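Presented below is the structure to which this report refers.
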Amino acid sequence: MSRPNGSRASADRLARLLNLVPYLLARPGIEIAEAAGDLGVTERQLREDLELLWVCGLPGYGPGDLIDMAFDGDRVTITYDAGIDRPLRLTQDEALALVVALRLLAETPGVDNRDAVEGALAKIEDAAGDLAGAPVAVRLPGDGDRVHRLRAAVQSGRALRITYYTAARDETTERTVDPLRVLMVGGRAYLEAWCRRAEGMRMFRADRIDECLELDEPATVPPHVRPQDVSAGVFRPAPDLPLITLRVGRGARWITEYYPCEQVRPDGDQWLVSLRVTDLAWARRLVLGLGPGVTVVSPAELAEEVRAQVALALDAYSRPGAAAAAAPAAGQ
Amino acid sequence: MRARYRLRAVRHGQGPSPYSGAPVAGAAWVPASAGTTASVLRVSRSRTERLVNLVICLLSTRRFLTAAQIAATVPGYEHDADDPRDHEAFQRKFERDKAELRELGVPLETGTASAFDTEPGYRIAHREYALPDIRLEPDETAAVGIAARLWQHAGLAAAASSGLAKLRAGGIDVDSRATLALEPVVTVDPAFAPLTTAARERREVRFDYRVPAEDVATSRRLQPWGVACWRGRWYVVGHDLDRDATRCFRLSRVTGAVRCVGPAGAYAPPADLDLISHVARWSGEREPAARAVVLAVPGRAAGLRRWALHSEPGRHGDRLVLPYSDAEALAGQLVGYGADVQVLEPPEVRDAVIQRLKEIAVRHDELAATGGRL
């Protein structure tokens, strides 16, 4: 952080050099190019590292004390290790990163080689000793069977017929999709697939896939499509979607933690929250569901829909025994 | 560059490069000129080289070596101990080097060689230094490779890959291309690492915490017991010193830095600690034991139909039986469907829905009257 870059680079290089001797010791006669690829450095960098090690060794620093290596063409073998025959122990951060990642993997629904994950976890924890006692617990929700089936479907390379609930439109539809991969993001499983109906890549939440049938035909994802980068979340609203602005009371401020918001401005006790929505009918359901603590600032069209819908609903309740079915399809 | 090539010559007299005829690209072979001594050349050796030699030296000794002994042994520490300025420069250099080794995780031991020594000495126990032998089966190795790629967070991703580099150096061949056909993507909040470390060391922490319903962050004092991931979100569980009670905090709501205060080992978490159940209880999830009956317009309210326990078409619409635990929460959900859904029973849900609808109507009518401002 406050360290100069040069010092960081030197620490990285020292870590690499201390790894390099045991790495080569375990692989006598390895090709330099292969080792460089494995270690994530250029061949030139690796040769420079070897050169540096070659002048390091035990006190005395005579020919018999220095690290020694034999070269055979492009292959290298350590012939004397000067005592650095093992890599350094895992640091606290390294143990944490590996152990927690393995715990997450072990908890991920639909991972079928769970025994291997747990075996690896036990061995890494054992090697990390006290450091592995990371006080971290993981519980991922999800229907393991469903994720497992989706994974198998992706691996089968066949198209799928799915029944999918689209929350944005509150409708359940059937569609044929060409699966690309199954992901777990933020504790939720998704199927990323080419949707033939929408003619585009879509992320389908596994818990909203109500039926899934493997078809006989092969999955054909158009060659130009790329998997979505999900590092910033699955739903990234496009700038051309309708923007709504809500006046949000204290009790409903939590929505800013749940939905990606374009802008949040405090206005006295309340917040003015702007977000993009895929569908105004969804926004209407959102506003109604949030209750009296939230009012629509814009667009006027949405405020009008909310008012009209509330009037219809209240009207239905005011007529005892009146059929909900008698209400016209609201908001359309 | 030049100095290093000369060193090579020092090492093997006028011998050839170890690559015999395959010098490093772009570098010229510079033989050591006559009369140059190793000690002069050693001064110009790089810092990294000095540190590697320091590690090797301290690993090879069973006795604690004092700074003066190290200076007399390890190349790169040569100085005139009688010259105060030179000596001070050496001490600063040695302190920096020790700090760098400790930061890398090198277990530098301090002690004295005998009861008569007053000056501290240093050594590294191989047993403490070395990664123990890890024997992984091929599928276990693949799992480690996948796990190391899980992190999207830069800090943990770097830690995972340097951990993986050590496993490789330990002789494990990790295939970095292995996949699961299932890609977990994990993100953590910045407070994750400091809180996890504090929990492991049992150190009290302070942090600012802001819940959306509050206008300002409040400062909290916590004895953290552990961190838990629940439904894709991270929480810290511990003893809240201000409330004198067990509390959960969502890491995404921690603002600013987490500060450790006081010594390690300051408290002990409960012996039967179950982090997940604390978080689950805190999040207030309850078994939906109650039932509500609603009428839904045919073909609409698809979201409700998916979790209805029972659905039956009728003259006035489809009757859906819905499980719930909190009447107000259910009312909020049902109001979302507007006139497409009408609650038949129980009265507590029906009344809550009507009350909400009335309040929303009043608020939006006011809004229309004032042109957007309330």
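The values are calculated or read from the model by the stated rules, or taken from the named source; none is laboratory data. This one's a predicted model, so the numbers in the text were calculated from it and none came from an experiment. As a convention, Cβ positions derive from the backbone with ideal geometry for all residues, glycine included, and neighbour counts pool all protein chains shown.
Go through the range A:176-200 and count every residue that is in a strand (DSSP E or B), touching a strand residue (DSSP E or B) at 6+ places or on another chain (Cβ under 6 Å) and more than 30 Å from residue B:251 (Cα to Cα).
Residues flagged as in a strand (DSSP E or B), touching a strand residue (DSSP E or B) at 6+ places or on another chain (Cβ under 6 Å) and more than 30 Å from residue B:251 (Cα to Cα) within the range A:176-200 amount to 8.
Out of the strands (runs of 3 or more DSSP E) lying entirely within the range B:181-264, which hold 1 or more residues that are among the polar types (S, T, N, Q) and not assigned by TED's automatic domain parsing to the domain that holds residue B:160?
In the range B:181-264, B:218-230, B:245-250, B:254-261 are the strands (runs of 3 or more DSSP E) which contain 1 or more residues that are among the polar types (S, T, N, Q) and not assigned by TED's automatic domain parsing to the domain that holds residue B:160.
Taking the condition of being under 21 Å from residue A:300 (Cα atoms) and either of a type in the set (Asp, Glu) or touching a Ser or Thr at 6+ places or on another chain (Cβ under 7 Å) (or both), how many residues in the range A:247-270 meet it?
6
Go through the range A:140-171 and give me each residue that's on the phi > 0 side of the Ramachandran plot and charged (D, E, K, R).
A:170 - this is the single residue of the range A:140-171 that is on the phi > 0 side of the Ramachandran plot and charged (D, E, K, R).
Looking at the range B:299-323, which of its residues are among the hydroxyl-bearing types (Ser, Thr, Tyr) and under 42 Å from the mean Cα position of the chain (by Cα)?
none
Report, by residue number, each residue of the range B:114-147 that is within 7 Å of chain A (Cβ to nearest Cβ), surrounded by fewer than 21 Cβ atoms within 10 Å (Cβ to Cβ) and part of a helix (DSSP H, G or I).
Of everything in the range B:114-147, just one residue is within 7 Å of chain A (Cβ to nearest Cβ), surrounded by fewer than 21 Cβ atoms within 10 Å (Cβ to Cβ) and part of a helix (DSSP H, G or I), namely B:139.
Here is a check on your reading of the model: is residue A:240 of a type in the set (Asp, Glu) and closer than 22 Å to residue B:306 by Cβ?
no
Report yes if residue B:257 is surrounded by fewer than 18 Cβ atoms within 10 Å (Cβ to Cβ), touching a residue at least 40 places away in the same chain (Cβ under 8 Å) and closer than 30 Å to residue A:233 by Cα, otherwise no.
yes
Can you tell me which residue is nearest to the other protein chains (Cβ to nearest Cβ) among those in the range B:332-352 that are in a helix (DSSP H, G or I) and over 14 Å from residue A:285 (Cβ atoms)?
The qualifying residue nearest to the other protein chains (Cβ to nearest Cβ) is B:350.
Look through A:159, A:132, A:122, A:106 and report the one residue that is at pLDDT 90 or above and buried (at least 16 other Cβ atoms within 10 Å of the Cβ).
Matching residue, one of A:159, A:132, A:122, A:106: A:159.
Which one of these does residue B:146 not meet: (1) of a type outside the set (S, T, N, Q); (2) touching a helix residue (DSSP H, G or I) at 6+ places or on another chain (Cβ under 8 Å); (3) without any contact (Cβ under 8 Å) to a residue 24 or more places away in the chain?
Single failed check for residue B:146: (3).
Among the residues of the range B:82-107, count how many are among the hydrophobic types (A, V, I, L, M, F, W, C) and within 12 Å of chain A (Cβ to nearest Cβ).
Count: 4.
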